[in-house]
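Since the structure comes first, as structure tokens, the remarks are kept for the end.
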Amino acid sequence: MRAAFTAALLLVTACAACTPEPARLSVLATSELADLGPVLAELRRDTGVELVVEHRGTVEAAAELDGFDLAWLSTNRFLRLGGGEEPLSTSVMLSPVVLGVKPDVPLGERPTWADIADRAALGELRFGMADPRLSGEGLAALIGVATAAAGTGTALRPEDVGCDRVQGFLAGRAFDSRDLVDEFVNRQSDVDAIVAHESEVLSLNASGRLAQPLRVVYPHDGIVLSDYPLTLLRPEKRAVYDRVVEWLRSPAAQELIMQRTWRRPVDPSVQRVELLREPLGNALYFPDSQEVIDRLLAFYDRAGTGRQVVFVLDYSTSMAGERAARLREAFAALNGFERFHLGETVTVVRFAGEVLEEFSVTISTREDLDGLLAVVGSGDFRDHTAIWSALDHAYGLVRGEASIVLMTDGENNAGMAVDEFLRVGRAGVPTYPIRFGEADLAELDRVARASGGRVVDATTKSLLEAVREIRGCR
């Protein structure tokens, strides 16, 4: 009898010892992790740890971590931008930022960010995205477009980011929303695609909420990969944090996360389901400068405002031949990231000793680009060069926010003089003279500085690159 009692007591003691000690941790998590509810319930059952979660966009959350025990964002890259010692963190799962597109939208087999931006620029692709001021996946799309446009193969630098390189892409933006998936479901009849994590697109396809499932497009020139690190913000909670990480990284938990949320396991021993076996290709470098992020967001804020760019083009006789050919080549090449895009008003003023022609169009179709090329392709060259009279005429055509690009190879010998032009004053219209040939650099520089623009010397830089760099930007 005594032996039996002792055995029972030992059994009770052993069971008490194996019961997890209850604990509670507060977590600030990225919005898309709201789907982890069932996984966190299993975590609590197995470990005794309850995670009390608040959800916000990754960019927004990265600046509001005070008061939480843990952070669980799509990436910790935003924390690194702030400098200082990076807190302890452990990657839990993976998901790339992709494009979920309707199957009847022709994007080709392996489209790049360039292809996506090109389609969007002329209204051939309308998509929803998360607000990049709040969301990591929204910002990832801008990074993808800007990185591909820069063509450096490295992390973006501030000088690599031009507004014209993201405005074409953003011309296709149908909406940005905190509730990205729900908004897309509500508007799926008139929106072609969604920029989101792979996990969100696959979950949406499996939800039965779509009229037709989306094709998952992995941009061929690179993707931004989220690794969802669980980050310890309060070191005194380390023991409980370790308990949570050990469970989340276990093969059983990795399998559960994959099955419930369509995120890729970080544990290579866990076999991925078929839909998660697509190779991801190149990972894009995340910017290591806050200035780059600030520039991207500034250009995002400006996009879609119906801006105008005015080209004032010298068609004096000295421009005939090679120089005119270079000018036409530059216009013909404005058809990729830096293309004239949907909703943008483009005005061309041709001049010699007087204004020869003006043409203005708000871009809505590819045919509008053909109209611009026809004007620039004119063979009508005449004597004399009235630079400042032509520029004054162009300023009178400006409607709203605009920039002016002046291309000339000669010195002013007709119409108003530069001093007379500057006395008139045209505040708020930045002017970018492109100088080649014998144009008076000092005069061009005076006008550029007075307007808030600057001179680009096409004798040391190709005209095409000069136009790409400055059109529509300030």
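The values are calculated or read from the model by the stated rules, or taken from the named source; none is laboratory data. Quick caveat: nothing in here was measured; it's all calculated off a predicted structure. Note that we place each Cβ from the backbone using ideal geometry, even for glycine, and neighbour counts take in every protein chain shown. Protein only, heavy atoms only, side chains kept; ligands, DNA and RNA dropped before computing areas. Shrake-Rupley method; radii C 1.70, N 1.55, O 1.52, S 1.80 Å.
Within this structure, Ser403 passes the test of being farther than 20 Å from Met319 by Cβ and open to solvent by less than 50 Å² (accessible area, probe 1.4 Å). When the range 346-371 is limited to residues that are in contact with an Asp or Glu (Cβ under 6 Å, 6 or more places away or on another chain) and more than 23 Å from Ala439 (Cβ to Cβ), the one that is surrounded by the fewest Cβ atoms within 10 Å (Cβ to Cβ) turns out to be Val361. Summed over the range 102-119, the residues that are farther than 26 Å from Ser289 by Cβ and surrounded by fewer than 24 Cβ atoms within 10 Å (Cβ to Cβ) give a count of 12. Scanning the range 120-147 for residues that are at pLDDT below 85 and crowded, with 24+ Cβ neighbours inside 10 Å yields a single hit, Ala121. The helices (runs of 4 or more DSSP H) found wholly in the range 249-349 and carrying at least 1 residues that are under 29 Å from Glu159 (Cα atoms) occupy 290-302, 322-332. Residues that are over 16 Å from Asp46 (Cβ atoms) and touching a Phe, Trp or Tyr at 6+ places or on another chain (Cβ under 7 Å) were ranked within the range 232-261; the one that is surrounded by the fewest Cβ atoms within 10 Å (Cβ to Cβ) is Leu233. Among residues of the range 277-293 that are in contact (Cβ under 8 Å) with a residue 40 or more places away in the chain, those with a Cβ under 7 angstrom from a residue that is among the aromatic types (Phe, Trp, Tyr), sequence gap 6+ or separate chain, pair up as Glu278/Tyr218; Leu280/Tyr218; Gly281/Tyr218. The residues on offer are Glu60, Glu85, and the sole one that is of a type in the set (Asp, Glu), closer than 23 Å to Ile143 by Cα and either surrounded by 12 or more Cβ atoms within 10 Å (Cβ to Cβ) or at pLDDT below 85 (or both) is Glu60. Exactly one residue out of Glu198, Glu183 is surrounded by fewer than 24 Cβ atoms within 10 Å (Cβ to Cβ) and of a type in the set (Asp, Glu): that is Glu183. Look at (1) at pLDDT 95 or above; (2) open to solvent by less than 70 Å² (accessible area, probe 1.4 Å) and you find that Arg44 fails only one, number (2).
Apart from one condition, Leu156 fits all of (1) under 26 Å from Arg215 (Cα atoms); (2) open to solvent by less than 10 Å² (accessible area, probe 1.4 Å); the exception is (1).
Filtered by the rule that a residue be open to solvent by 70 Å² or more (accessible area, probe 1.4 Å), in contact (Cβ under 8 Å) with a residue 60 or more places away in the chain and not basic (Lys, Arg), the range 372-386 gives Asp383, His384.
The residue of the range 160-180 that is surrounded by the fewest Cβ atoms within 10 Å (Cβ to Cβ), among those that are acidic (Asp, Glu) and out of contact with any Lys or Arg (no Cβ under 6 Å at 6 or more places or on another chain), is Asp179. Screening Asp160, Asp242, Asp192 for residues that are at pLDDT below 95 and acidic (Asp, Glu) leaves exactly one candidate, Asp160.
The residues of the range 11-28 that are closer than 19 Å to Asp242 by Cβ, open to solvent by less than 70 Å² (accessible area, probe 1.4 Å) and either modelled with pLDDT under 95 or in a helix (DSSP H, G or I) (or both) amount to a single one, Pro20. Exactly one residue out of Ala394, Ala450, Ala427 is modelled with pLDDT of 85 or more, of a type outside the set (Lys, Arg), open to solvent by 70 Å² or more (accessible area, probe 1.4 Å) and under 33 Å from the mean Cα position of the chain (by Cα): that is Ala450.
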